[in-house]
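Undergrad: Below is the structure I would like to discuss, written out as structure tokens.
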Amino acid sequence: MTLTDVNVTLLDWVAENWYARNTREVSLENQGLYAPRPTLQFPLVIGRNYEGDVTLSKILNHGTDLTIFEKLCVKRAFTFRRSTKRPDAILSTQQGMAILAEQALQAMASGQLQVFNYIFEQMTSLHSELLQFGESIDNVGKPTNYGLVHDDNQNGTVERAWNFSYRRLFEEAVNLIEREPHYFSKLSFVSTRVVPSLFALPSLTGATSTIDYQGYLWYRLNGWWERTAETQRLPHGANQPAILLEPLAGVHFKSLRDFIGGWEALLQYHIRPEIERRELWAEKVKLYPILAEQLSETALYVARAVVSGNRVAAEHWIDAMLRWCGNTLPMSVNQHLYDLNLSQKVVLGPQTITQSWAEVEAKLMSLSDFQKPNFTVTSLFANLVYNMWQDTCFVLSGFLVQWAGLGDAVGATLSLQAAKQLFDRRTVGGEGDDGPDEHFYSRQADFVASFLRRNSIREWALDRSVPGFWRLAEQFDQLTREPMLAGRVYTFAGRTVGATLASDLILGSLRMERQPLDFTSIFERLPQWLTDDSEALHLKDRLSAITADLDAIDVEGLLPVFNFLHQPVQPDAPANEITPEVPLELPRVAPAQAVFTDRLAAFRGLISSLETRIVAYRRERIGDAPISDRKLDDLARKVAGEVFDYDEDTFLGTLFGPVVYSTADLEEVRIQDWTNFPKGVITDPPLDQVAGSDGILVSWAAARVKARALGQLLEQKQAANLDEVRSVANGGELAEVILAAAENLRGRNLTPLILIGSGEVSGWVREWSNASYRPNSVLPAGIVVERPQHRSQNGNTYNLSSIPVFSTGSNLDGVWVLAREAFKRLKITRTSEADIPIKLIFTPDPDDPYHGTMQTRWRQGIDTDASPMVRIPNAVSEQDSGEVDI
């Protein structure tokens, strides 16, 4: 059965109703953007074939189940039909590619070169035709492609499955490389044959994935090199460059040159003419993701070769990086690469491809030194591509320097040799010239523009189709476990965010202008340069971080790295004459430590001056900005909705039942929720678009409102002398008190429950709940841990001896045992249905224009009963042994 249609209106109605019932309690221990929340998913894909029992919806993170009527609506929303046309078509295209691949393998096995050539041409032609025939327009008028249909076998798309057909050919070509390198050479041109035929497709489907999969062939070659080096007993790694012994060194060199030849032919003979052919901005920027994929893959090949210790591959891939702009951009635009000023270069980053020509032109003209545009569509796109290449080179250089290690022998490491080759634009073939396309870093202004460009882009704000440099940095991170220079910051495993590299400090001080950089123009244009004030806040934080690193930098430890990179190439030792047996060495006369220190100080002054100006800019903007009452009311409405508009499956809903709105003059409650709240979030218009700031405030305030409702009930019961305070010495005594109090309540026909907050005694109860996961754990006598089959969001995740335990998420002191019947009624004041029961009041800080205090106010009343209650405080009795019975 094939899913042929989906009624989105029905699913939208179901999702809205389900979401209204699943506003979950957020505890103080579980704040932030990444807290798990109830999630409703519809995992089906239109056009996909399904058999047997099909799951139409999934509920994650313990959300409530759908009602019977909602389930019926979901079932009606999906339309399945018995149709084998599309699955058969998918299967036949894959079979066609697989048949040709099998025939090519047979030709390779039997050494029939001409037959292989013919089959290879047929295979790439079929691949191109499939993508061209699959091009169509979707139901909203946007270009799409049949190749994007989900493929069950490969757990991806059909067009990726077509690329996968080359896998066995790539593997076999490397296996036969010593006997017959022809196959490897031919397969190095898969992307060169397929990608150009896709330029006529509006969707460009298959171009980036084909480029990406072409790299599998080189990674197989590099794997062969590593195995061969080990066979020849050659130590190799980022700190031990190696070259294979003959005759296999020649085999590797020829295959490497063949692959790079095919890789660069795609740029020179196909992408560059296509850039020239396209005249409109909207058409040119469609090629940007293809260029970004090809460039980032090239940088990754450099990094992979360095990590492997493959010196020949590293040097030649750096050559490819140096030639990349020359191979990509038309020669006629080289003279325009320096026409833009520093401010214009900073804003011309990846996010530009999502903007229209009118938006880009207006933005750059607001930063221009001229009254008329000094750029065209062609020259501006060339500058955009050049900036991408320059930024990629800086990111790559940063990691190469980062992998260099420390010590006097730093110059012998392949990673630093590679970085120096990039800085000095040295090519192993002696083909370098003075063209701007081969020197990414000639003056300090290059680094400053790139640094600001890369660090003013907020990755989370970019569309997934826009290439991001930190995503490339994450791929570099995964390549090696080698010791690195200090300075990289990790927020959680597997992801790097907002990191300052020690290598940035070296790179920033490596080139110095004869005259200090003049930031006057960029200072004057800050309002036009920054698209919003949160961008200024982000950049200010990044500048502050690098300033702090500069203050704490180990100058003596990093001096060898700086000296090696700073030393110019000696005239008597050109790069193309360096032999494998003679590694690059530190110069005999290195700059003194004072030189490095002075340059760091100058760089720090440069960064600090920009930081100071941004701070002044934000102070002026935010200090006098009015507070938006509409924004405060909107936030208050969200807090009230999360606290009071609940059903029976929330914490307060389970205990109190539906809220009662009263016109009586109830007790006013005031809570100072946030003493350092960012003012820019609530100005009119908003000046700080901090990711998730609304959600964090709502969760923060709602948790305290809920805790205050509970606290008022407990205060009333204590004031009426309805509680008994019992101190305990250990977990055993705590269990006895809990069980005795529960039995007392049951004897009065009441339903006992346990409330736990924070502190040591509450921690004992939590330890009991974890006992089932620990071997040889012993619970106190009478305590049995029970977990419900379906965990709800009301705070009751387990029971102790049939007594529900509620984690309140508040600063509740110790453990409380009381009756559910005590929670009779929660009343709040609301004069009419349209009024908001909660009021948020922001008070600016007179000493800090960026922040203030956010206070939550509302009126509430609690009705309770006279049932007994036992409170076990965190203050442990004197005979406490400090032991827990687990």
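Undergrad: Check S772, S792 and return the single one that is small (G, A, S), modelled with pLDDT under 80, open to solvent by 10 Å² or more (accessible area, probe 1.4 Å) and out of contact with any strand residue (DSSP E or B) (no Cβ under 7 Å at 6 or more places or on another chain).
TA: S792
Undergrad: Tally up the residues in segment 233-243 that are among the hydrophobic types (A, V, I, L, M, F, W, C) and open to solvent by 30 Å² or more (accessible area, probe 1.4 Å), please. Even if it seems obvious, please write down each step before you answer.
TA: Kept after step one, since they are among the hydrophobic types (A, V, I, L, M, F, W, C), are these residues of segment 233-243: 234, 238, 242-243.
In the following step, the residues that additionally are open to solvent by 30 Å² or more (accessible area, probe 1.4 Å) were identified as 234, 243.
Qualifying residue count for the region: 2.
Undergrad: Scan segment 235-253 for residues that are in contact with a Lys or Arg (Cβ under 9 Å, 6 or more places away or on another chain) and either part of a strand (DSSP E or B) or within 15 Å of R179 (Cα to Cα) (or both) and jot them down. Quick ask: steps written out before the conclusion?
TA: Restricting attention to segment 235-253, the residues satisfying the condition of being in contact with a Lys or Arg (Cβ under 9 Å, 6 or more places away or on another chain) are 236, 241-243.
Matches in segment 235-253: A242 only.
Undergrad: Name the single residue, out of those in segment 852-871 being open to solvent by 30 Å² or more (accessible area, probe 1.4 Å) and in a strand (DSSP E or B), that is nearest to A822 (Cα to Cα). Walk me through how you get there before you give the answer.
TA: Quick first cut of segment 852-871, residues open to solvent by 30 Å² or more (accessible area, probe 1.4 Å) only: 853, 855, 857, 859, 863-866, 868, 871.
Add one more test, that the residue is in a strand (DSSP E or B), and what stays is 853, 855, 857, 859, 863, 871.
On the way: T853: 35, Q855: 29, R857: 25, R859: 20, D863: 8, R871: 14 Å.
Ranking the candidates gives D863 first.
Undergrad: For V158, indicate whether it is among the aliphatic types (A, V, I, L, M), under 37 Å from the mean Cα position of the chain (by Cα) and buried (at least 20 other Cβ atoms within 10 Å of the Cβ).
TA: On the way: among the aliphatic types (A, V, I, L, M): yes; under 37 Å from the mean Cα position of the chain (by Cα): yes; buried (at least 20 other Cβ atoms within 10 Å of the Cβ): yes.
Yes: the conditions hold for V158.
Undergrad: Further question: Looking at (1) crowded, with 19+ Cβ neighbours inside 10 Å; (2) closer than 18 Å to F440 by Cα, which is the only condition G326 fails?
TA: It is condition (1) that G326 fails.
Undergrad: T829: over 30 Å from N676 (Cβ atoms) and either surrounded by 18 or more Cβ atoms within 10 Å (Cβ to Cβ) or modelled with pLDDT under 80 (or both), yes or no? Walk me through how you get there before you give the answer.
TA: Details: over 30 Å from N676 (Cβ atoms): no; either surrounded by 18 or more Cβ atoms within 10 Å (Cβ to Cβ) or modelled with pLDDT under 80 (or both): yes.
In short, no.
Undergrad: Ok, one more. Considering only residues that are under 19 Å from N874 (Cα atoms) and at pLDDT 80 or above, look in segment 711-724 and name the one that is nearest to the chain's Cα centre (by Cα).
TA: The extreme case among them is G711.
Undergrad: Let me ask something else. So if I check each of K824, K839, which one is closer than 22 Å to R670 by Cα and modelled with pLDDT of 80 or more?
TA: On inspection, the qualifying residue turns out to be K839.
Undergrad: Looking at this structure, is G134 closer than 20 Å to F199 by Cβ and within 37 Å of the chain's Cα centre (by Cα)? Spell out the reasoning first.
TA: On the way: closer than 20 Å to F199 by Cβ: yes; within 37 Å of the chain's Cα centre (by Cα): yes.
Spelling it out, G134 is indeed closer than 20 Å to F199 by Cβ and within 37 Å of the chain's Cα centre (by Cα).
Undergrad: Follow-up. Which residue pairs have Cβ atoms under 7 Å apart, sit 6 or more places apart or on different chains, and have a first residue in segment 694-722 that is closer than 16 Å to R857 by Cα and a second that is hydrophobic (A, V, I, L, M, F, W, C) and surrounded by fewer than 18 Cβ atoms within 10 Å (Cβ to Cβ)?
TA: If the second residue must be hydrophobic (A, V, I, L, M, F, W, C) and surrounded by fewer than 18 Cβ atoms within 10 Å (Cβ to Cβ), the pairs left are A703/L28; R704/I671; R708/I671.
Undergrad: A follow-up question, please. Quick one: is L565 modelled with pLDDT of 75 or more and open to solvent by less than 50 Å² (accessible area, probe 1.4 Å)? Please lay out each step first, then the result.
TA: Values: modelled with pLDDT of 75 or more: yes; open to solvent by less than 50 Å² (accessible area, probe 1.4 Å): yes.
Judged against the criteria, L565 is a match.
Undergrad: Moving on to the next point. Residues that are acidic (D, E), over 30 Å from E620 (Cα atoms), surrounded by fewer than 19 Cβ atoms within 10 Å (Cβ to Cβ) and out of contact with any helix residue (DSSP H, G or I) (no Cβ under 9 Å at 6 or more places or on another chain): does segment 722-734 have at least one?
TA: no
Undergrad: Keeping to segment 866-881, report how many residues are in contact with a helix residue (DSSP H, G or I) (Cβ under 6 Å, 6 or more places away or on another chain) and at pLDDT 85 or above.
TA: Initially, segment 866-881 is screened for residues in contact with a helix residue (DSSP H, G or I) (Cβ under 6 Å, 6 or more places away or on another chain), giving 867, 869-870, 872, 874.
Now restrict to residues that are at pLDDT 85 or above: 867, 869-870, 872.
The total comes to 4.
Undergrad: Would you pick out the residues in segment 162-177 that are in a helix (DSSP H, G or I) and open to solvent by 10 Å² or more (accessible area, probe 1.4 Å)? Quick ask: steps written out before the conclusion?
TA: The first filter runs over segment 162-177 and keeps only residues in a helix (DSSP H, G or I), leaving 162-164, 167-175.
Hits for segment 162-177 are F164, R167, R168, E171, E172, N175.
Undergrad: Then there's this: Mind listing whichever residues of segment 244-257 are surrounded by 22 or more Cβ atoms within 10 Å (Cβ to Cβ) and not polar (S, T, N, Q)?
TA: Just the residues of segment 244-257 that are surrounded by 22 or more Cβ atoms within 10 Å (Cβ to Cβ), to begin with: 244, 252, 255-256.
Of everything in segment 244-257, those that are surrounded by 22 or more Cβ atoms within 10 Å (Cβ to Cβ) and not polar (S, T, N, Q) turn out to be L244, H252, L256.
Undergrad: Then there's this: Which is part of a helix (DSSP H, G or I), open to solvent by 10 Å² or more (accessible area, probe 1.4 Å), acidic (D, E) and touching a residue at least 12 places away in the same chain (Cβ under 8 Å), of E230, E226? Steps first, please.
TA: Values: E230 fails: touching a residue at least 12 places away in the same chain (Cβ under 8 Å).
One residue alone meets the criteria, E226.
Undergrad: Which one of these does D319 not meet: (1) surrounded by 20 or more Cβ atoms within 10 Å (Cβ to Cβ); (2) among the charged types (D, E, K, R); (3) more than 31 Å from the chain's Cα centre (by Cα)?
TA: In the conditions (1) surrounded by 20 or more Cβ atoms within 10 Å (Cβ to Cβ); (2) among the charged types (D, E, K, R); (3) more than 31 Å from the chain's Cα centre (by Cα), D319 misses (3) alone.
Undergrad: Sticking with this structure for a sec: Could you figure out which of (1) in contact with a Leu (Cβ under 9 Å, 6 or more places away or on another chain); (2) open to solvent by less than 30 Å² (accessible area, probe 1.4 Å) isn't true of P143?
TA: (2)
Undergrad: Report, by residue number, each residue of segment 178-209 that is touching a strand residue (DSSP E or B) at 6+ places or on another chain (Cβ under 7 Å) and surrounded by fewer than 21 Cβ atoms within 10 Å (Cβ to Cβ).
TA: Applying the first criterion (touching a strand residue (DSSP E or B) at 6+ places or on another chain (Cβ under 7 Å)) to segment 178-209 yields 201-203, 205.
Correct list: L201, P202, S203.
The values are calculated or read from the model by the stated rules, or taken from the named source; none is laboratory data. Quick caveat, the model's predicted, so the values are computed rather than measured. Virtual Cβ from ideal backbone geometry, glycine too; neighbours counted across all protein chains shown. The protein model used for the area step is the full one, side chains on, heavy atoms only, and it has no ligands, DNA or RNA in it. Shrake-Rupley method; radii C 1.70, N 1.55, O 1.52, S 1.80 Å.
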